[in-house]
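First comes the structure, then the notes that go with it.
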Amino acid sequence: MTAARTLPRVLVLTQNKIQPYTGGGVLLTALFRHFPPENLMFFHREQKYADTGIYEEYRVKWSWLRFDLRALFSHLRLWFVALRKHAGSAHMKDIVALTLASTHFTMPRAIDRRVRGFRPDIIYAWAADSLWARTLRKTAKRYEVPYVIHFMDNHFELVPQTALQHALTPVFREELTRVASAAASLYTISESMGSAYRSYWNRPTETYRGSVEISSWPWPNKKLVPEDGVFRLGFAGSVDQSQLLGLLAAAKSMETLLVQGRRVRLVLYLTDYYARVVRRSLNGLGCVEIRAHPDSRDLREALASLDALVLAYGFDATTIKYYRYSFATKIAPYMLAGRPIIAYGPATIEPIDYCVRGGWALVVADSSGSSLTQAIEALMTDTALAERLAKAAWEAGCREHDSDTQAARFAVSMSRLAEMDGRTDRRFES
């Protein structure tokens, strides 16, 4: 591992911050585990958490936003063209979204002095939309530091559907290409994403998938046969529209089994925000039980208390494009929980294909509700199958998702990229 005193000072521009509750925060926690707090400075749009404030961090405020008139004119022109072409309707919320996507944020003078005093060696950033991509480009220029972009999902290849998306997508792709082509390196969450993005922008890539601390996830002693006779299928983490579609399918299958007299529950571990989102779609389904999402220290116990886990996605075109290369952070703790996993979704997306390649999950790669119901029943009735899949997933997780190994590789990479730049600290003089 790289010694702490040799690690670079990193300015982090990400929507999330280090926290133990959602995928992005958990990923940041794992990647930066070898960095002392004084080597990190965060700018984010994260919700407030009570127990994660050991780093110097700033939540971006609306007053920090600055407009890019060229981007705004491009957005509005493309929007009007899309409205005429697709016979869409204009909405005030679309104008707000177009305006926001035409901005970037700039640190106020007092915080700018803090950044200069921090003297970052390198920027680590996400660039999921125009605002963050443009902010990264301007921030790197302002402080004259190299940067890496870590892609969390396949935002670049999304196919626009609505008039708003037709206006946003071309400007975002132009901005992302501009910033990605000048990055010191691109970090991706799957090898397939790395190969594609390396070809797009002719930049070196490295893959950092979701990981956990292996020593904290031993094989659980709890048997797979539910003691109270209730079979609990579980899910934990963030929920986007695709995963919401998958969870709805899982809930309907569980509801079918419930009507047949089977004692089943779909247990969802969610933060307050995602709980509100899910309740609107799954309201009225009696098999669903929503629990507060545990932090990373209690996640293993929560997952191991269930009888099986479900990865769930929709089968729509947007899902296939979005998850074509994307690796869900929740997969690593799922594998190490010692529970059998059902993977429901199209085989052409990376999370499901990863399960197929590994052979340690019960994959349902068609949208048939009956196929998903049969898969759930198989784990309920075939204990040998459930135990074999659970053990195979746990062993694969130990091999492929050790956070200490990944964090050490990440620290070496960030140090190397910062040192390659060959700058001096004179860049911070007024």
Practice prompt. Return the calculated 222 nm mean residue ellipticity for the chain, to the nearest 500 deg cm²/dmol, obtained by summing -39500 (n - 2.57) across DSSP H runs with n ≥ 4 and dividing by the residue count.
Written response: -14500 deg cm²/dmol
Worksheet, complete the sentence: Measuring from its Cα centre, the range 214-400 shows a charge dipole (+1 at each Lys and Arg Cβ, -1 at each Asp and Glu Cβ) which, in debye to the nearest 20, is 140 debye
Practice prompt. Measure nothing fancy, just the Cα-based angle from helix 69-86's long axis to the longest principal axis of the chain, in degrees from 0 to 90, nearest 10.
Written response: 40 degrees
Worksheet item: Nearest 20 debye, what's the magnitude of the dipole of the chain about its Cα centre given +1 on Lys and Arg Cβ and -1 on Asp and Glu Cβ?
Response: 1440 debye
Fill in: Taking M107, M193, M420 and counting other C-beta atoms within 10 Å, the order from fewest to most
M420, M107, M193
Worksheet entry | Degrees separating the helix 163-180 axis from the principal Cα axis of the chain, which is the longest one | 60 degrees
Worksheet entry | Centre separation in Å (Cα based) which lies between the range 124-154 and the range 343-415 | 31 Å
Discussion item. Can you sort C355, C287, C398 from fewest to most other Cβ atoms within 10 Å of each residue's own Cβ?
Written reply: C398, C287, C355
Response to the item:
Partner aspartates and glutamates whose C-alpha sits under 12 Å from that of K223, ignoring same-chain residues fewer than 8 away, are D307, E387
Discussion item. Assuming 0.36 nm per residue, please report the length gained on full extension of the stretch H91 to L69 beyond their Cα-Cα distance.
Written reply: 5.9 nm
Worksheet item: Between E38 and R262, what is the FRET efficiency for a Förster distance of 51 Å, r being their Cβ-Cβ separation, to the nearest 0.05?
Response: 0.40
Practice prompt. Distance check, please: which entries in K48/K321; K330/K391; K222/K391; K252/K330 exceed 20 angstrom between their Cα atoms?
Written response: K48/K321; K252/K330
Worksheet entry | Hits among aspartates and glutamates - C-alpha to C-alpha of K141 under 14 Å, sequence gap 8 or more where chains match | D112, D121, D421
Practice prompt. Assign one of three labels to the range 70-126, namely rounded, prolate or oblate, based on the Cα gyration tensor with a ≥ b ≥ c the square roots of its eigenvalues; rounded applies when a/c is under 1.5, prolate when it is not and a/b is larger than b/c, and oblate otherwise.
Written response: prolate
Item to complete: Specify which residue in the list A275, G229, L362 is farthest towards the positive end of the charge dipole of the range 214-400, using unit charges on the beta carbon of Lys, Arg (+1) and Asp, Glu (-1), about the Cα centre.
Response: A275
Discussion item. Using only the alpha-carbon atoms, how far is helix 272-282 inclined from the longest principal axis of the chain? Give it as 0 to 90 degrees, nearest 10.
Written reply: 50 degrees
Worksheet item: Build a GNM of the chain with springs between Cα atoms under 10 Å: which of D94, D307, D129 gets the top mean-square fluctuation?
Response: D94
Item to complete: Averaged over every viewing direction, what's the projected area of the C-alpha convex hull for the chain? Give it in nm², one decimal, please.
Response: 21.5 nm²
Discussion item. As a test of the definition: which semi-axes, in Å, follow for the range 1-148 when you take the square root of five times each eigenvalue of its alpha carbon gyration tensor? Largest first, please.
Written reply: 33, 17, 13
Worksheet item: Once Lys and Arg get +1 and Asp and Glu get -1 on their Cβ, which of G345, A304, A196 lies farthest toward the positive end of the dipole of the chain?
Response: A196
Worksheet entry | Extension gain from Y273 to E419, taking 0.36 nm per residue of separation minus the Cα-Cα distance | 48.5 nm
Response to the item:
Expressed in nanometres to one decimal, the distance between label points 7 Å along Cα→Cβ at K141 and S199 is 3.1 nm
Worksheet, complete the sentence: Once amide hydrogens are built 1.01 Å from N within the peptide plane, the residues lying 5 or more places from T348 or on another chain with amide H under 5 Å from its amide H are none
Worksheet entry | Which of V159, V364, V277 has the fewest Cβ neighbours within 10 Å, and the rest in rising order | V159, V277, V364
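Any read-out appearing in this document is the output of simple, stated calculations on the displayed coordinates, not a laboratory observation. It should be emphasised that the depicted structure is a prediction, and the values quoted were computed from it without experimental measurement. Here Cβ is always computed from backbone atoms with ideal geometry, including for glycine, and neighbour counts include all displayed protein chains.
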